[in-house]
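Here the structure is laid out as structure tokens; the discussion comes afterwards.
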Amino acid sequence: MLTLAILKPHCLKNPFAYETIHQLLAASGLKVVEKKRVQLSRAEAEQFYDEHRNKFFFRRLVSLMSSGPSEVMLLSGNDSIRHWRELMGPTKVLKSVYSHPDCIRSRFGITDTRNASHGSDSEASVAAERKFFFG
């Protein structure tokens, strides 16, 4: 099973965060099948996050995701969607600090938008997101 993971721009700007996340990933048993760095344009970020268009955080998210390079990865492993989402932890960073102190978002998230990472939430999302980034 595959999942799609994204390390957001602020994690790529922080060498400690970037390296630690890759160490956590390697220790987790998930394998990186494919990865690439992308610099999303504003239009591409809007397209990728279109499902959130009418939410209050949409503009902030688009600004973040078009602010610098992100790293997009296809991960493989047993129950990879669930496994990667557990490594990331809850979307809300403040909640994750208390409920999952060792997760990626707790350690490297700054706000709920700058929460360090993205992960597909279903097989349908994996298929669409994989097509978006890898063709």
Fill in the blank from the handout: All conditions in (1) open to solvent by 50 Å² or more (accessible area, probe 1.4 Å); (2) free of Cβ contacts under 8 Å to residues at least 60 places away in the same chain are true of Leu30 except (1)
Exercise for the section: Kindly check whether there is at least one residue in the range 84-106 that is in a strand (DSSP E or B) and of a type in the set (Gly, Ala, Ser). Expected result: no
Completion exercise
For Leu61, the lone unmet condition from (1) touching a residue at least 24 places away in the same chain (Cβ under 8 Å); (2) exposed (fewer than 12 other Cβ atoms within 10 Å of the Cβ); (3) hydrophobic (A, V, I, L, M, F, W, C) is (2)
Fill in the blank from the handout: Here the residues within the range 15-56 that are farther than 19 Å from Val126 by Cβ, assigned to a loop (DSSP other than H, G, I, E, B) and under 15 Å from the mean Cα position of the chain (by Cα) are Gln39
Problem - Criterion (open to solvent by 10 Å² or more (accessible area, probe 1.4 Å), assigned to a loop (DSSP other than H, G, I, E, B) and in contact (Cβ under 8 Å) with a residue 24 or more places away in the chain) met by exactly one of Ile110, Ile81 - result: Ile110
Exercise for the section: Give the residues of the range 104-113 that are modelled with pLDDT of 95 or more and under 13 Å from the mean Cα position of the chain (by Cα), sorted by residue number. Expected result: Ile104, Arg105, Phe108, Gly109
Handout entry: Of the criteria (1) open to solvent by less than 40 Å² (accessible area, probe 1.4 Å); (2) touching a Pro at 6+ places or on another chain (Cβ under 8 Å), which one Leu25 fails
Key = (2)
Exercise for the section: Report whether or not Val38 is open to solvent by 10 Å² or more (accessible area, probe 1.4 Å) and β-branched (Val, Ile, Thr). Expected result: yes
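The values are calculated or read from the model by the stated rules, or taken from the named source; none is laboratory data. No experiment lies behind these values; they were computed from the predicted model shown. All Cβ positions, glycine included, derive from the backbone under ideal geometry; neighbour counts span all protein chains shown. Surface areas here come from the heavy atoms of the whole protein model, side chains and all, with no ligands, DNA or RNA. Shrake-Rupley method; radii C 1.70, N 1.55, O 1.52, S 1.80 Å.
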